[in-house]
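Engineer: My questions will all concern the structure given below.
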Amino acid sequence: MAFSLTQSARQTHDPMDSYVYDGKSAETRNLKPGELSTGTTIMAIPFDGGVVLGADSRVSTGTYVANRTSDKISQLHDRIWACRSGSAADTQALTDYVRHYLGQLAIETGRLPTVKTAAYLMRKLCYENKDNLMAGVIVGGWDPVEGGSVYNIPLGGTCIKMPFAIGGSGSTYIYGLVDSEFTADMGKNEAVTLVKKAISHAMARDGSSGGIIRTVIVSEGSNEREYIPGNNLPYGP
Amino acid sequence: TKTGTTIVGLVYKNGVVLGADTRATNGTEVADKDCEKIHFLAPNIYCCGAGTAADTEKTTELISSNLELLRMNTGMKQSRVVTACTLLKRMLFRYQGHIGAALVLGGCDSKGPHVYQIYPHGSTGKLPYTTMGSGSLAAMSVFETGWTENMEEADAVELAKRAILAGVFNDLGSGSNCDTCVIRLDGTVSFDRGAVKPNDVGPFRDAIQRSDRLNMTKGTTATLNSSFVKHNRVTLADVTVTEMEA
């Protein structure tokens with residue numbers, strides 16, 4: 001089965017026809033046996049002048065943790081990053097494609113690509129290959145047009161610009177926390193604190209999330225990469 | 001599902017150490033008691049393979065060939081480990097997991113020592129130490145207890161051996177011997193086939209008394225007649241060469 005970028009003729013069955021509640025999340029239900037999942041907690045919050053992206057670091061095959069220190073925040077361009085969740089292979093391939101396209105675009109236009117463009121490219125791939133992919137991505141970054149912005153691209157290939165975005169199997173546990181603590185005009189430090197707190201809480205409750213918390217703080221002048229070791233989390237046993 | 005094998009790779013002070021067991025299984029039967037699971041990719045890059053034996057063998061052969069062609073076509077003196085990793089993952093992703101090759105890739109290049117883990121569906125991870133195969137849990141427990149940063153070579157090799165032996169003895173899919181391969185930053189490689197042989201049955205098999213009738217010496221079968229005809233080789237003298245008109 002080749003990986004095709006064009007729109008495929010779809011004779012699919014509607015997965016809702018055979019839907020049975022089995023306790024599995026959308027992230028893990030459709031993985032093939034043996035496939036690696038970045039069943040995950042990822043989030044991104046824009047602040048004035050940039051964006052904070054955060055993720056846990058657990059990659060699992062079933063119940064075994066294949067990589068406990070993985071990096072789920074991939075760089076797409078100078079100031080554009082993407083948080084990956086779902087199938088590790090699919091999301092790595094997707095970010096490679098988008099990175100390639102953005103690099104080419106930057107050379108051809110002579111300017112920094114916008115986060116909107118990056119999200120559009122990612123969405124196009126995710127939507128048109130939805131039958132063969134299992135990928136939930138959050139694209140975030142800084143560009144001269146919009147400043148800091150965040151786009152959430154969940155499983156089916158929807159692309160929505162959001163004031164903040166959370167994703168991955170662990171995100172279900174922190175909707176309440178983030179909804180109550182998020183405010184629209186957060187500064188950089190407040191945003192970083194919230195990201196670290198929320199991901200800690202998700203890691204405490206979600207079996208597929210764990211390890212360390214990686215963060216990337218993107219602003220006009222710089223990308224700051226940090227991580228918190230698993231025994232120094234703001235919350236947790 | 002894991003695949004019958006224990007393979008490991010780790011980074012130490014002066015390079016990388018790769019290790020593998022030597023059992024190849026066909027279901028519950030042992031098909032090969034001493035197979036080679038550490039494959040050559042480039043003079044400075046080797047790859048351990050778990051999963052479908054044919055897939056790991058042919059995939060690593062193909063990428064080894066492509067790396068050599070790339071070196072020749074671009075005048076590179078040495079391939080980068082990340083190049084090998086990218087070539088492998090792009091191919092494995094294209095085949096959507098149908099090529100059952102789970103690899104531990106290790107080597108040294110101008111950027112330092114590197115170890116990668118590569119899964120059949122095409123995902124990769126770059127780590128200071130990793131294990132794969134059905135015996136990976138046994139081996140990883142050894143690594144998680146014993147690995148430290150900047151180990152000395154002797155300690156690193158010993159740790160890799162201990163990890164493989166953990167798989168050999170505690171995992172049914174792994175067994176027989178332990179092979180190791182040390183790739184150093186200075187470019188030297190030590191491929192130690194049969195570094196540890198805890199299951200050597202050679203002496204036991206030799207000690208078995210068998211009937212002398214099983215040892216058939218030359219002359220047991222009588223020769224009735226023999227003749228020898230030399231192969232007729234065509235020499236240049238036999239060939240007439242006529243030049244074509246321009």
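The values are calculated or read from the model by the stated rules, or taken from the named source; none is laboratory data. All of these numbers come straight from a predicted model, not from anything done at the bench. FYI the Cβ positions are ideal-geometry reconstructions off the backbone, even for glycines, and counts take in every protein chain you see. The area values use the complete protein model at the heavy-atom level, side chains included, leaving out ligands, DNA and RNA. Shrake-Rupley method; radii C 1.70, N 1.55, O 1.52, S 1.80 Å.
Engineer: If packing is taken as the mean number of other Cβ atoms within 10 Å per residue, what is the order of A:145-155, B:76-86, highest first? It would help to have the intermediate numbers written out before the result.
Structural biologist: Details: A:145-155: 20.5, B:76-86: 18.8.
Output ranking for A:145-155, B:76-86: A:145-155, B:76-86.
Engineer: When only alpha-carbon atoms count, how far does the protein assembly as shown stretch along each of its three principal axes, as whole angstroms with the largest first?
Structural biologist: 101, 75, 54
Engineer: With the Cα gyration tensor of segment A:151-237 giving a ≥ b ≥ c as the square roots of its eigenvalues, does the rule (a/c under 1.5 for rounded; else a/b larger than b/c for prolate; else oblate) give rounded, prolate or oblate?
Structural biologist: Numbers: a/c = 1.45, a/b = 1.08, b/c = 1.34.
Verdict is rounded for segment A:151-237.
Engineer: If the chain between residue B:239 and residue B:213 were fully stretched, how many nm would it gain, using 0.36 nm times the residue separation less the Cα-Cα distance?
Structural biologist: So the chain would gain 4.0 nm between residue B:239 and residue B:213.
Engineer: Sticking with this one: Over the protein assembly as shown, with every protein chain in place, what whole percent of the accessible area is carbon and sulfur at 1.4 Å, could you tell me? Don't jump to the answer; show the numbers that get you there.
Structural biologist: On the way: 12920 of 25200 Å².
Ligands and nucleic acids excluded, carbon and sulfur reach 51 percent.
Engineer: Taking a cut-off of 17 Å between Cα atoms, list the lysines near residue A:124, but don't count ones fewer than 8 places away on the same chain.
Structural biologist: Of all the lysines, those that pass the test against residue A:124 - Cα under 17 Å, at least 8 places apart if same chain - are A:116, A:161.
Engineer: Sticking with this structure for a sec: At a threshold of 8 angstrom on Cα-Cα distance, excluding pairs fewer than six apart, so keeping six or more, what relative contact order does segment A:195-237 reach in percent? Before the final figure, lay out the partial values.
Structural biologist: Numbers: 50 pairs, mean separation 19.0, N = 43.
Normalised by residue count, the contact order of segment A:195-237 is 44 percent.
Engineer: Right, another one. Using a 10 Å cut-off on Cβ to Cβ distances, tally the other chain neighbours for every residue of A:83-96 and report the average as a whole number. Write down the numbers at each step before the final one.
Structural biologist: Working: counts 0, 0, 0, 0, 4, 6, 12, 5, 1, 7, 7, 0, 0, 4.
For this peptide, the per-residue mean of nearby foreign Cβ atoms is 3.
Engineer: Express the accessible area of segment B:1-143 per residue in Å², computed with a 1.4 Å probe while the remaining protein chains stay in the model.
Structural biologist: Per-residue accessible area for segment B:1-143 comes out at 39 Å².
Engineer: Starting with the highest mean, order B:198-206, B:95-103, A:220-228 by the number of other Cβ atoms within 10 Å, averaged over the residues of each peptide. Mind showing how you got there, number by number?
Structural biologist: On the way: B:198-206: 9.9, B:95-103: 21.0, A:220-228: 13.7.
Descending packing order for the listed peptides: B:95-103, A:220-228, B:198-206.
Engineer: Within 10 Å of each Cβ in A:56-66, how many Cβ atoms from other chains are there, averaged over the peptide? Let's see the in-between values first.
Structural biologist: Working: counts 0, 0, 0, 4, 0, 3, 2, 0, 4, 1, 10.
The mean count of partner-chain Cβ atoms within 10 Å per residue comes to 2.
Engineer: Rank by packing, highest mean first: peptides B:149-158, A:168-177, with packing defined as the count of other Cβ atoms within 10 Å averaged across residues. Provide the component values of the computation, followed by the final result.
Structural biologist: On the way: B:149-158: 14.8, A:168-177: 20.7.
Packing order, densest peptide first, comes out as A:168-177, B:149-158.
Engineer: Right, something else. In nanometres, what is the gap between the two model label sites at residue A:32 and residue B:94, each 7 Å from Cα along Cα-to-Cβ?
Structural biologist: In this crude label model, residue A:32 to residue B:94 measures out at 1.6 nm.
Engineer: To make sure I understand the rule: partners must be lysines, Cα under 22 Å from the Cα of residue B:77, and not fewer than 8 residues away in the same chain. Which ones qualify?
Structural biologist: B:111
Engineer: Give, as ranges by residue number, the residues of segment B:61-99 whose backbone N falls under 20 Å from the point 7 Å along Cα→Cβ of residue A:132.
Structural biologist: Of the residues in segment B:61-99, B:86-99 have backbone N under 20 Å from the label point off residue A:132.
Engineer: Let me ask you something else. For residue A:48 paired with residue A:108, estimate the spin-label separation in nm (one decimal), with each label point 7 Å from Cα along the Cα-to-Cβ line.
Structural biologist: 3.8
Engineer: I'd like the mean, over residues of B:132-144, of how many other protein chain beta carbons sit within 10 Å of each residue's own Cβ. Write down the numbers at each step before the final one.
Structural biologist: Working: counts 1, 0, 0, 0, 2, 1, 0, 0, 3, 0, 0, 0, 1.
Taking all residues of B:132-144 together, the mean is 1.
Engineer: With runs of 4+ DSSP H residues as the only contributors, calculate the mean residue ellipticity of chain A at 222 nm using -39,500 (n - 2.57) per run, divided by the residue total and rounded to the nearest 500. Write down the numbers at each step before the final one.
Structural biologist: On the way: 5 runs with 65 residues, N = 237.
The helix-only estimate for chain A comes to -8500 deg cm²/dmol at 222 nm.
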